[in-house]
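I have placed the structure first, in the form of structure tokens, so that the comments after it can refer back to it.
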Amino acid sequence: MPIWLRTYTFSEIKKYYEEEKKASQPAAKKGTTSLVTPDGKVNKEAFKEASAPYKGKVGYK
């Protein structure tokens, strides 16, 4: 592969991933809460909130 084509290809790949990262950053800044605390224990309140939409739903029927 010629150097000019390799340079162009890698610059296009880099541009694509930078745009993808830029698009995903607002979603990451929404203030997500972790279900596991930094010391490795489960955050019970956050777990209860996260599992509330699934209360009463079963998938084995």
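Laboratory data are not the source of any read-out in this text; all were calculated from the coordinates shown. Keep in mind it's a predicted model, so treat the numbers as computed, not measured.
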Rounded to whole Hz, the Karplus (6.51, -1.76, 1.60) HN-Hα couplings of segment 8-19, x for glycine and proline: 5, 4, 5, 5, 5, 5, 4, 4, 4, 5, 5, 5
Under the Karplus relation with 6.51, -1.76 and 1.60 and θ = phi - 60°, whole-Hz ³J(HN,Hα) for segment 34-40, x at Gly and Pro, equal 8, 7, 10, 6, x, 8, x
